[in-house]
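Here, each number is a calculation from the coordinates, and none is a lab measurement. Predicted model only: the values in this text are computed from it and were never measured. Because the Cβ atoms are built from the backbone with ideal geometry, glycine has one as well, and the counts that use them run over all protein chains shown.
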Amino acid sequence: GAVVSQHPSWVICKSGTSVKIECRSLDFQATTMFWYRQFPKQSLMLMATSNEGSKATYEQGVEKDKFLINHASLTLSTLTVTSAHPEDSSFYICSARDPSGGTTDTQYFGPGTRLTVL
Amino acid sequence: AQSVTQLDSQVPVFEEAPVELRCNYSSSVSVYLFWYVQYPNQGLQLLLKYLSGSTLVKGINGFEAEFNKSQTSFHLRKPSVHISDTAEYFCAVSDRFGNQFYFGTGTSLTVIP
């Protein structure tokens with residue numbers, strides 16, 4: 001099946017710094033990628049939809065200036081948490097949509113990135 | 001819009017016993033249905049999915065689920081669980097274009113030796 005990778009798998013940073021998380025589709029071209037956030041013992045919440053070559057679409061309540069998304073190529077999307085604070089500590093998961101399946105395309109999820117802001 | 005309800009937040013079950021994790025959904029359009037498993041500090045792993053065709057779907061690790069359109073349910077079952085099945089299980093629904101996924105709140109399955 002399709003593979004999606006994330007880097008780094010975990011990161012610890014100081015409050016006020018910015019952190020970039022990469023999401024790559026390894027064996028298919030993803031025109032659309034999604035970023036989710038998961039708090040401990042909770043479900044995944046969609047943050048934004050990232051389309052290659054265009055601006056990301058953010059869900060209501062997600063600060064686009066704080067969570068910068070760049071989908072520069074068909075295999076790479078990045079999420080930058082700017083001026084991170086402890087409340088941004090969370091598990092961030094990306095997914096990529098494989099359009100090659102026709103009407104039955106679906107999303108493939110990355111392994112997640114654990115962000116801890118001290 | 002779609003939504004997913006997982007009625008049981010925690011399910012303890014003894015090893016080798018059967019288990020059913022419940023999932024109900026609501027949608028005004030045709031949907032795809034999924035079950036994912038998440039082990040501690042890991043990402044999501046697809047267990048199985050229903051796209052069309054047979055309503056009984058078999059997945060990995062001996063799991064299966066049945067799509068019931070009239071009851072808008074997609075319950076996950078396994079006839080005999082193992083210790084290694086202890087994990088968080090998420091039911092999800094998407095539209096037929098694979099766009100936005102809606103996840104349930106998850107069910108924590110604990111297998112007791």
Item checked: For the protein assembly as shown, alpha-carbon Rg relative to the globular expectation (2.2 N^0.38 Å, N residues) -> 1.02
Next item on the list: Once you have all Cα-Cα distances for chain A, histogram them in 10 Å bins from zero and send the whole-percent values.
Entry: 15, 48, 30, 6, 1
Next item on the list: Please give the residues of the range B:68-111, grouped as numeric ranges, whose backbone N is less than 15 Å from a label point set 7 Å along the Cα-to-Cβ vector of B:GLU16.
Entry: B:79-84
Note to self: Need one number: convex hull volume per residue for the range B:1-67, Cα atoms only, in Å³.
What the structure shows: 116 Å³
Checklist line | Peptides B:59-66, A:58-65, A:13-20 ordered by average Cβ neighbours within 10 Å, highest first | finding: B:59-66, A:13-20, A:58-65
Notebook entry, point to check: Between A:GLU22 and A:LYS64, what is the FRET efficiency for a Förster distance of 22 Å, r being their Cβ-Cβ separation, to the nearest 0.05?
Noted result: 0.70
Margin query: Can you compute the label reach from A:LEU118? Point 7 Å from Cα along the Cβ direction, backbone N cut-off under 16 Å, restricted to the range A:1-45.
Written below: A:10-19
Notebook entry, point to check: Counting only other chains, what is the mean number of Cβ atoms within 10 angstrom of the Cβ of each residue in peptide B:25-37?
Noted result: 1
Margin query: Go through the cysteines of the protein assembly as shown and tell me which have no other cysteine Cβ under 4.7 Å away.
Written below: A:CYS13
Checklist line | Cα centre as origin, Lys/Arg/Asp/Glu Cβ charges: chain A dipole, Debye | finding: 260 debye
Checklist line | Segment B:SER28-B:SER108, length gained on full extension (0.36 nm per residue, minus Cα span) | finding: 26.0 nm
Check: What residues have an amide H closer than 5 Å to that of B:ASP8, excluding those fewer than 5 places away on the same chain, when H is modeled at 1.01 Å from N in the peptide plane?
Finding: B:ARG22
Checklist line | Restraint check, A:LYS20/A:LYS41; A:LYS20/A:LYS66; B:LYS49/B:LYS69; A:LYS41/A:LYS66, Cα-Cα greater than 18 Å | finding: A:LYS20/A:LYS41; A:LYS41/A:LYS66
Item checked: Cα-based convex hull volume of the range B:38-113 per residue, rounded to whole Å³ -> 112 Å³
Note to self: Quick check on packing: order B:29-35, A:84-90 by the mean number of other C-beta atoms within 10 Å, highest mean leading.
What the structure shows: B:29-35, A:84-90
